[in-house]
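Everything below concerns the one structure shown next.
The values are calculated or read from the model by the stated rules, or taken from the named source; none is laboratory data. Being a predicted model, the structure only gives us computed values, none of them experimental. Virtual Cβ from ideal backbone geometry, glycine too; neighbours counted across all protein chains shown. Note: accessible area is taken over every heavy atom of the protein model, side chains too, but ligands, DNA and RNA are not part of it. Shrake-Rupley method; radii C 1.70, N 1.55, O 1.52, S 1.80 Å.
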Amino acid sequence: MTEHRNATPESWTGVLAPSEIKPSERAARVRYAIRDVMVVAQQARAAGKRLIPLNIGDPLQFDFPTPEHIIEAVYRAMRAGYNGYAPSLGTEEAIEAIRSEATRQGIRNIQEIMVTYGASEAIESALVSLLNPGENVLLPSPGYPLYEAVLTKLGCEPMPYCLDESNGWQPDLDDMASHINKKTKGIVVIHPNNPTGAVYSKETLRGILDLAARHGLVVFSDEIYSKLLLDPVEFISIASLAPEQPVVTFNGLSKAYLVPGFRIGWAILSGDARSVARYREVLARILRARLSVNHPAQFAIRPALEGSQEHIPQVVEKLRRRRDLTVSILNAVPGVHCVSPQAAFYAFPRLDIARSDTEFVLDLIRETGVIVVPGEGFGQAAGSHHFRLVFLPPEDTLREALEQIGQFARKWK
Ligand code: PLP
């Protein structure tokens, strides 16, 4: 029997009083603005505001139901007993469906296909497998904040390159080149981009590939919105332009197939077999260490990619109308300027304001209950101010939210 067991309850607490658990400095620096605004939103709700969430890109929160055949396939897989662990890189059926899809997009020299917990896990694993602390990767600014969060977690440096608002948010290749140094290992391309909705031309994509080839960099291409094109633009998968270059293409079912909660994504590693061999092996080892992705959910992949695509034009048509409504209402507000997004379901308007966009957004949430995300959370040119909103809600809700934003912006100083 130890001394502790004989002690009184008071002395127990004295002896075992826990010291403060200190989180790692790297992890403590991680920010994810899209959900961070919810703290203020909850306070606004407690104060009686009705919340209109325009912060999270989840179509399932609005009138975009999952196609039946996708749900059915997962249900059947569960009933058929596919409830054990799956192979670490994904089921054969899923991998073959992704391969066929990649081939249709013109991607050749495929060295590995990996099914992951959403594109998010693919992104994290691809970066973890490449980077040592202190190294850096070029990231689009503005861009989806997960990349910066992962780099921060790894003790690596996010190196932002400018997307040019005055040029429809196309990447500025000179700016990109100017940030490459000895510690640069890769370039992230988010295409179509979140938060700007821009789609890139073939020349731009070739320019990025040239830079990457000249400096021996891996290109990471996040194409999760590639099927949600709202304008008659051509979408080109960057890997299709350079079969010999190392490219990791990310995609998944969350957006175009309306199942973000299934957490199904993937990475396609393409390029010269010899040059990517060691990277490929490490990436596969990282994925083996986490066993596998949800087994039944992987059975959604083949029916999604090869079954009826009927819902996609319907989704796109709704989004196009909502995009047009968003851009026209916002651009009618003095001091607000919105480049029309060509794809996805985000707008990234600029604000002519003197104070920070974070202050603007937090006041907006407190006063109106409309939740958007400050531009600071995505990166933006120094001295400029933006916010991101999601235009997924039905038109009446969207109109109400946009009008509230307009009224608020007119009087906010
Ligand atoms: N990449 C981009 C550009 C995104 O916008 C998102 C989600 O919003 C993701 C990746 C994450 O997708 P997933 O749900 O497949 O993890």
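Quick check: anything in the stretch 207-220 in a loop (DSSP other than H, G, I, E, B) and either touching a residue at least 60 places away in the same chain (Cβ under 8 Å) or over 17 Å from the mean Cα position of the chain (by Cα) (or both)?
Yes, there is a match, as at least one residue in the stretch 207-220 is in a loop (DSSP other than H, G, I, E, B) and either touching a residue at least 60 places away in the same chain (Cβ under 8 Å) or over 17 Å from the mean Cα position of the chain (by Cα) (or both).
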If we scan the stretch 135-145, do we find a residue that is touching a helix residue (DSSP H, G or I) at 6+ places or on another chain (Cβ under 7 Å) and among the small types (Gly, Ala, Ser)? no
In the stretch 173-200, which residue that is open to solvent by 40 Å² or more (accessible area, probe 1.4 Å) and part of a loop (DSSP other than H, G, I, E, B) is farthest from the ligand (Cβ to nearest atom)? 182
Residues that are more than 16 Å from the ligand (Cβ to nearest atom), at pLDDT 95 or above and in contact with a Cys (Cβ under 9 Å, 6 or more places away or on another chain): does the stretch 283-297 have at least one? no
More than 14 Å from the ligand (Cβ to nearest atom) and in contact (Cβ under 8 Å) with a residue 40 or more places away in the chain, is that true of residue 239? yes
Enumerate the pairs (first residue in the stretch 53-75 and within 24 Å of residue 38 (Cβ to Cβ) and modelled with pLDDT of 95 or more; second residue anywhere and buried (at least 17 other Cβ atoms within 10 Å of the Cβ) and of a type in the set (Lys, Arg)) with beta-carbon separation below 8 Å, excluding pairs fewer than 6 apart on the same chain, so at least 6 apart or on different chains. 59/255; 63/318; 64/318
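Count, please, the residues in the stretch 87-96 that happen to be open to solvent by 40 Å² or more (accessible area, probe 1.4 Å) and within 16 Å of the ligand (Cβ to nearest atom).
Here the count works out to 0.
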Considering only the stretch 243-276, how many residues are outside any loop (DSSP other than H, G, I, E, B), open to solvent by 30 Å² or more (accessible area, probe 1.4 Å) and either in contact (Cβ under 8 Å) with a residue 24 or more places away in the chain or within 16 Å of the ligand (Cβ to nearest atom) (or both)? 4
Looking only at the stretch 202-223, which residues are open to solvent by 40 Å² or more (accessible area, probe 1.4 Å) and not acidic (Asp, Glu)? 202, 206, 213, 214, 215, 216
Residues of the stretch 311-339 being touching a residue at least 60 places away in the same chain (Cβ under 8 Å) and not aliphatic (A, V, I, L, M), which ones? 311, 318, 320, 321, 322, 323, 326, 334, 335
Picking from 308, 275, 270, the residue that is in contact with a Pro (Cβ under 8 Å, 6 or more places away or on another chain) and farther than 30 Å from residue 213 by Cα would be 308
Here is a list of conditions, (1) touching a helix residue (DSSP H, G or I) at 6+ places or on another chain (Cβ under 7 Å); (2) surrounded by fewer than 20 Cβ atoms within 10 Å (Cβ to Cβ); (3) among the small types (Gly, Ala, Ser); (4) at positive phi, and residue 81 meets all of them except one; can you say which number that is? (1)
